[in-house]
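Below is one structure, written out as structure tokens; comments come after it.
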Amino acid sequence: MKKFSYNRRVWGEEDASLSVFSWASLKLGYILTALENVRGKVLDLGCGGGAYTRGIKNYRSDFHITGVDISKKSITYARKKDGDINYVLGSVYSLPFNKNFFDAVVSIDALEHFDNPSQAFKEVYRVLKPGGVFHFALPLEGDARTLMGLIYRLTGVNLKENQVGHVARFTYKEILEIAKSAGFRFVSNRFSVHGIIQIFDFINSAMIAAMGGNSHEPDFSLEKHVVKGNRKLLKIFVIPYKVILLIHFLESKLFSRIIGYSVNMTVKKHGKSI
């Protein structure tokens, strides 16, 4: 299989906000809650074009925040978008930072792209100060209690691998074990993306796969073409799309303790903060 290229598009162009009409609202809210008592330096691991990096900075201007990503195209975009944030090109397996450097690390929808997530967790542990917070969000595409996980278990088909490079398929139990093995202790979690939105996500992914899996247009996204109304034929979908976003927000809030497609988890490095 051809190796997935992360330089074909910019990842994370749209700014994250707390608006209920943003896909990012729930995850950004959980980040801000997890970092509520954090002061100092924060790393956004797998920051892409800086959507969440900018979102965090907008609501917590006191943070000294750094974004790191392996995609040169995304980092170049992020630097042009916001020159006040430090964006670094680097690998998650060998982060270009000293031991015990950051007060917190966040990683949103990035860990599923790593073929060795255990090593990624070890690197996060290394650069975090004792007592430091690690908050991450990722899809549970290997868990049979999610629609994508069930389809994968039954058919062996992973729609997201070729489309967006999801090479790691986690179960909830597996991600807990990986975090624990790296030395972290569990703090809290919330689930998001439940029944209706999982069905919508599957239909969307299946349609993209049928059209060639983003091979002709690697930067295709609903946010770009529907919300911004860049395509005349898709303008009629703006209102239904916003309704879907509202359902996603309310559904995820209501069932946040019930396992969903995405888990938002906070863990801490052992030891007292320094």
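The values are calculated or read from the model by the stated rules, or taken from the named source; none is laboratory data. Bear in mind the structure is a predicted one, so any value in this text is a computation, not a measurement. Reconstructed Cβ throughout: ideal geometry from the backbone, glycine too, with neighbour counts over all protein chains shown.
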**OP:** Give just the number: which of (1) under 12 Å from Leu43 (Cβ atoms); (2) of a type in the set (D, E, K, R); (3) touching a strand residue (DSSP E or B) at 6+ places or on another chain (Cβ under 8 Å) does Lys72 not satisfy?
**Re:** (1)
Original post:
Got at least one residue in segment 195-203 being under 25 Å from Val10 (Cα atoms) and more than 18 Å from the chain's Cα centre (by Cα)?
Top reply: yes
**OP:** Go through (1) surrounded by fewer than 20 Cβ atoms within 10 Å (Cβ to Cβ); (2) within 26 Å of Leu245 (Cβ to Cβ) one by one and return the number of the condition Ser22 breaks.
**Re:** (1)
**OP:** Could you name every one of the strands (runs of 3 or more DSSP E) located completely within segment 68-139 that has at least 1 residues being in contact with an Asp or Glu (Cβ under 6 Å, 6 or more places away or on another chain) and aliphatic (A, V, I, L, M)?
**Re:** 102-108, 128-139
Subject >> Cross-chain or 6+ apart pairs with Cβ under 6 Å, segment 144-164 first and under 16 Å from Ile199 (Cβ atoms) and in contact (Cβ under 8 Å) with a residue 40 or more places away in the chain, then of a type in the set (Val, Ile, Thr) and surrounded by 13 or more Cβ atoms within 10 Å (Cβ to Cβ) >> reply: Arg145/Ile259
Original post:
Is segment 61-76 home to any residue that is modelled with pLDDT of 95 or more, within 22 Å of Val164 (Cβ to Cβ) and in contact with a His (Cβ under 8 Å, 6 or more places away or on another chain)?
Top reply: no
**OP:** Output yes when any residue across segment 240-252 is more than 18 Å from the chain's Cα centre (by Cα), within 30 Å of Val124 (Cα to Cα), modelled with pLDDT under 95 and among the basic types (Lys, Arg), and no when none is.
**Re:** no
Original post:
Tally time: how many residues in segment 22-53 are closer than 28 Å to Arg8 by Cα and either over 13 Å from the mean Cα position of the chain (by Cα) or in a loop (DSSP other than H, G, I, E, B) (or both)?
Top reply: 10
Original post:
Do you know which of the residues in segment 159-180 that are under 13 Å from Gly149 (Cβ atoms) and of a type in the set (Lys, Arg) is modelled with the highest pLDDT?
Top reply: Lys173
Original post:
Restricting segment 253-274 to residues that are assigned to a strand (DSSP E or B) and either within 19 Å of the chain's Cα centre (by Cα) or aliphatic (A, V, I, L, M) (or both), which is surrounded by the most Cβ atoms within 10 Å (Cβ to Cβ)?
Top reply: Val267
Original post:
Among (1) of a type in the set (A, V, I, L, M, F, W, C); (2) part of a helix (DSSP H, G or I); (3) touching an Asp or Glu at 6+ places or on another chain (Cβ under 6 Å); (4) within 25 Å of His248 (Cβ to Cβ), which single condition is Ile56 missing?
Top reply: (3)
